[in-house]
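The structure is given below, and queries will be raised subsequently.
Quick note: the coordinates plus some simple rules give every number you see, no bench work behind them. Just so it is clear, the model here is predicted, and its values are computed rather than measured. Neighbour counts run over all protein chains shown; Cβ positions are idealised from the backbone, glycine included.
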Amino acid sequence: MHEVRKKIILIGSVGVGKTSLIRRFVHQEFTDEYHSTIGVRVDKKTITLDDTKVHLMIWDLAGEILQNKAYQAYLKGSSGIIGIFDVTRPASYQLINESLQNVKGSQELLSIMVGNKIDLLDETTDIHGYDCEYFTSAKTGENVEEMFNLIAQKLVKKDEKFKRI
Amino acid sequence: MRGITPIDELKSLLLQDYRQQTERDFEKLRVKVLASIEKLEKEIYEPERLAVHISKSKSQLLDILAPEIGKLIKNYLALEIEKIQKRISDTTDKFSYNNVKSRFKALFGLESKERIDLLGFPEIIDILMIDKDSGLLLGKFSTEEKIDTDIVAGMFNAIKSFADTAFENEGNELDLIHYNDYKIKLHVFGSIYYATIFTGRYSPEFQDILNTDINNFTDKISKELINQQNKEQITSKMSQLMNKEFTHTCTRLERRLF
Ligand SMILES: Nc1nc2c(ncn2[C@@H]2O[C@H](COP(=O)(O)OP(=O)(O)O)[C@@H](O)[C@H]2O)c(=O)[nH]1
Ligand SMILES: [Mg+2]
C-alpha cells in the first residue's frame, strides 16, 4: 500500500453548495474562523483505491474566484479542480464554465464540472443542456461520494500513465 | 497551630536545589509535589481559604517561579495552578471564573497568559515540512498526534499565501504566526518550507538551535528532495528522517535551557 497526497480545488459562485458538499464528504475538524478572512479552508478525505491510499486535500475557496490576488496562490500545486454550479441557477453554470477555462490556463489540470442541488429539480426538468460529469445533492448526499471518488481515481490513473512514459 | 502545613511541605519540596538532579529525581519529585498539592486541595477545599493560603505564601511562590528552577516544576506548577483555578471555578457558584481569575491576578500580579509566558520555555510540538506551492505535507516530526498535520499544513499554506500577498509591497514574507497558545515559525528554503509549531517564547537560544538544526537537516536531505520525482509520495520516508533529527533538537533544547 502506498500513499499519495493530492490537492484539489473547489470553485463556484457563492451559494452553489461548495461548502455543503465538503461537509457531506468529510468530517470537519476546523472551524469557519479563517474561512471568511482568508477566503479558503482546507479539508481532507482519505480514499483507498486498490493498493493506493489517496489523501485528498480539498481546498474550498469562498466567494468569487479570480478577484482576490491570494486566490492565484491558492490554486498553485493543485492536481484537480472541481467547478460547481447550482442547477437551479443557469447563470452559475455560465460563470463557472468560463472561470474553469481561465483557472486551468495552460496547466495540466484535471477538471470536472458538477451540477449541485439536484434535489430541487423535479424529474421533468430538462438538464441535458448542462455539460457536466455529475449531478449531486449535498442535501440528500446523492452522488457526493461518487464524485470525489471519481476524482481520486482519475488522479491516480494520471500518475500511473506518467510513470509508464 | 498545626505543625507542618501542606503548603509548607510543598514549599520545602519546591525550594530545593534541582540543578544537580537527574531525570529520575525529577520524576520522584513530581510525584511528591503532586501528592502534596492533592493534600493541599483536600485540606483547603474552600476557595476563599485557599486564596488566603496562597496569598500568604505569595512571595515564596514567586521565588518558586524564579528562572533557575527546573522546567518540569515550572510547567507542572503552571498546570496545577490552572487546574486548581478551574476546579474552584467549576465547583463554586459564588465565584465566577472571572472573579477567581482576577483574584489570582491580584495574587501573582499577572494575567494567566502572561504567567504562562513567564514560565514559557519553548517546547516543540511539531515540525512540518511543506511544499510551498501546494501546501501538501512532505514530512513531519510530531511529539503528539493530536492534530491532523495534513490539514494544518494546508491551512498554514493558505494563511501564508494570504499574508504574503497582502504584504507583497513591503517585501517581507510572513515568518511567525500566532495561533491561540501556539506559535508557528516558518523557515523557507526555495520550494519547501518548515513550520515549527511550538509553545513558549521564541528566545534567542531557541532560535539558534532551531536555525542550526533545520539548516543542517536541509543540507542533508536536499539531494533526496531533488531526486524524488514525485513530491506527493515523499512523506513517510521524510518523516522518519525528520524524527531522527529533531528528536535531538528537543533534547538539546532542554539541555541548553536548563
Ligand atoms: N436543496 C439543497 N440546498 C443546498 C444544497 N447544497 C447547498 N445547499 C444550500 O445552499 C446554501 C449555500 O450553500 P454553501 O455550501 O454555503 O455554498 P457555497 O457558498 O458554495 O459554499 C446553503 O443554504 C445550503 O444549505 C443541495 O444540494 N440541495
Ligand atoms: Mg462556502
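Take B:I177 and A:R89, extend 7 Å from each Cα along the Cα→Cβ direction, and tell me the distance between the two endpoints in nm.
2.9 nm
Using modelled amide H (1.01 Å from N, peptide plane; none on Pro or chain starts), what sits under 5 Å from the amide H of A:E3, excluding residues fewer than 5 places away?
Here the answer is A:K53, since their amide H atoms fall under 5 Å of that of A:E3.
How would you order A:150-161, B:153-164 from highest to lowest mean count of nearby Cβ atoms within 10 Å?
Details: A:150-161: 16.4, B:153-164: 22.7.
Put in order of decreasing packing, that is B:153-164, A:150-161.
Is there a simple number for the mean count of other chain Cβ atoms within 10 Å of the Cβ of residues in A:40-53, and what is it? Walk me through the numbers before you get to the answer.
Working: counts 8, 4, 11, 5, 7, 0, 1, 0, 0, 0, 0, 0, 1, 0.
Average per residue, whole number: 3.
Say each of B:R252 and B:K237 gets a label point 7 Å from the Cα, pointing the same way as Cα to Cβ; how far apart are those two points in nm?
The modelled label-to-label distance comes out at 2.5 nm.
Return the FRET efficiency for the residue pair A:D126, A:Q153: r is the Cβ-Cβ distance, R0 is 25 Å, and the value is rounded to the nearest 0.05.
Numbers: r = 29 Å, r/R0 = 1.17.
After rounding, the FRET efficiency stands at 0.30.
So, one more: What are the residues whose amide H is under 5 Å from the amide H of B:F189, where those residues sit 5 or more places off or on another chain and H is modelled from the backbone?
The list, which skips near neighbours in sequence, is B:Y194.
Using 31 Å as the Cα-Cα cut-off, could you pick out the over-long pairs in A:K18/A:K76; A:K158/B:K223; A:K139/B:K140; A:K139/A:K161; A:K18/B:K244? Let's see the in-between values first.
Working: A:K18/A:K76 19 Å; A:K158/B:K223 26 Å; A:K139/B:K140 37 Å; A:K139/A:K161 36 Å; A:K18/B:K244 41 Å.
The pairs that break the limit, which is 31 Å between Cα atoms, are A:K139/B:K140; A:K139/A:K161; A:K18/B:K244.
For peptide B:147-157, compute the average count of partner chain beta-carbon atoms within 10 Å of each residue's beta-carbon. Don't skip to the end; give the middle numbers.
Numbers: counts 2, 7, 1, 8, 10, 3, 4, 12, 8, 1, 9.
Counting other chains' Cβ atoms within 10 Å and averaging over B:147-157 gives 6.
I would also like to ask the following. If each of B:D208 and A:T46 carries a label point 7 Å out from its Cα toward its Cβ, how far apart are those two points in nm?
Taking the two extended label points, one gets 4.1 nm.
Here is a follow-up. How high is the FRET efficiency from B:N215 to A:E3, r the C-beta distance, R0 35 Å, rounded to 0.05? Write out the running numbers ahead of the final one.
Working: r = 28 Å, r/R0 = 0.81.
E(calc), rounded to 0.05, equals 0.80.
For chain A, what does the helix formula give at 222 nm: sum of -39500 (n - 2.57) over DSSP H segments with n ≥ 4, over the residue count, nearest 500 deg cm²/dmol? Kindly include the intermediate steps, with their values, before the conclusion.
Details: 5 runs with 55 residues, N = 165.
After summing the helix terms and dividing by the residues of chain A, the value is -10000 deg cm²/dmol.
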